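Here the structure is laid out as structure tokens; the discussion comes afterwards.
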Amino acid sequence: MLSIVVLISGTGSNLKALLEACDNPLYPAKVLAVGADRAAEGLEHAELFDKTTFVVQPESFDSKDEWAKVLASNIDIHQPDLIVLAGFMRVLPKSFVDRYYPRIINLHPSLLPKFPGAHAVRDALAAGADETGSTIHIVDAGVDTGPIIAQQSMAIAPGIGEHELHEQIKKIEKQQLVKTIESIANGEIKLEEIAA
Ligand code: GAR
């Protein structure tokens, strides 16, 4: 059984999809705890599934490294096999990434390396792209630059708005997240090999 700590910043719809998948006794992963960098709305999903939650806000610390150290100690209590960033909107410092690499994965709403950063959906629309998609990658010290694990593309409908397009991408992301974690858990995807 692959054990996971999930980090979020927002509504947590991907977290919810993972929690629902983990509710099936045949699914080979379990969520141990959910953390956030603020009082994120999505923490409600964790509470409904009786998961431990923690919030570690960067604003409470003098440096990013100090923040990340306390974040790490909250994670290490649970000794997870994997850390999943599901809409976690902070760049983690190198000290944190080095501690866990390659056992942190991130979900991103574009076909990386296209449109990295916090506004991937808006940036794809502004660039006039006719396709986008979702990516799951191993987190390294860059911004959305780590080795890619899975990608799925989709067409962008002409005239579609940012919110609607993001909702369409999230539909793909949820399936991709649940499937990718299943494949990591059963050994079909080996993070060490992808990272090498
Ligand atoms: C997801 O689309 C995820 O890919 C994105 O935030 C959304 C979170 O949605 N992450 C990033 O943009 C990271 N750069 P959710 O809170 O409803 O799961």
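All of the numbers you see were taken from the coordinates with simple rules; none came from a lab. None of these values were measured; they are calculated from a predicted model. So basically every Cβ, Gly included, is an ideal-geometry build from the backbone, and we count neighbours across all protein chains shown.
The condition of being loosely packed, with under 12 Cβ neighbours inside 10 Å, more than 17 Å from Leu2 (Cβ to Cβ) and of a type outside the set (Val, Ile, Thr) holds for only one of Pro116, Pro147, Pro158, that being Pro158.
Going by the structure shown, is Thr132 over 20 Å from Ala29 (Cα atoms) and more than 10 Å from the ligand (Cβ to nearest atom)? Taking the combined requirement at face value, the residue satisfies it. You will find that of Arg90, Arg103, the residue that is within 13 Å of the ligand (Cβ to nearest atom), touching a residue at least 60 places away in the same chain (Cβ under 8 Å), under 16 Å from the mean Cα position of the chain (by Cα) and more than 18 Å from Lys171 (Cβ to Cβ) is Arg90 and no other.
Listed here are the helices (runs of 4 or more DSSP H) enclosed by the range 46-155 that have at least 3 residues being aliphatic (A, V, I, L, M): 64-76, 120-126.
Can you confirm whether Thr53 is more than 23 Å from Thr145 (Cα to Cα), within 16 Å of the ligand (Cβ to nearest atom), among the β-branched types (Val, Ile, Thr) and without any contact (Cβ under 8 Å) to a residue 60 or more places away in the chain? So Thr53 fits the description; yes. For beta carbons closer than 6 Å, sequence separation of 6+ or different chains, a first residue in the range 172-196 that is farther than 16 Å from Pro80 by Cβ and without any contact (Cβ under 8 Å) to a residue 60 or more places away in the chain and a second that is small (Gly, Ala, Ser) and assigned to a helix (DSSP H, G or I), the qualifying pairs are Ile189/Ser183.
Here's the yes/no breakdown for (1) of a type in the set (A, V, I, L, M, F, W, C); (2) touching a Gly at 6+ places or on another chain (Cβ under 6 Å); (3) farther than 22 Å from Leu19 by Cβ:
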| site | (1), (2), (3) |
| --- | --- |
| Arg122 | no, no, yes |
| Glu131 | no, no, yes |
| Ile136 | yes, no, no |
| Asp140 | no, yes, yes |
| Ile148 | yes, no, yes |
| Gln152 | no, yes, no |
| Gly161 | no, no, yes |
| Gln176 | no, no, no |
| Ile181 | yes, no, no |
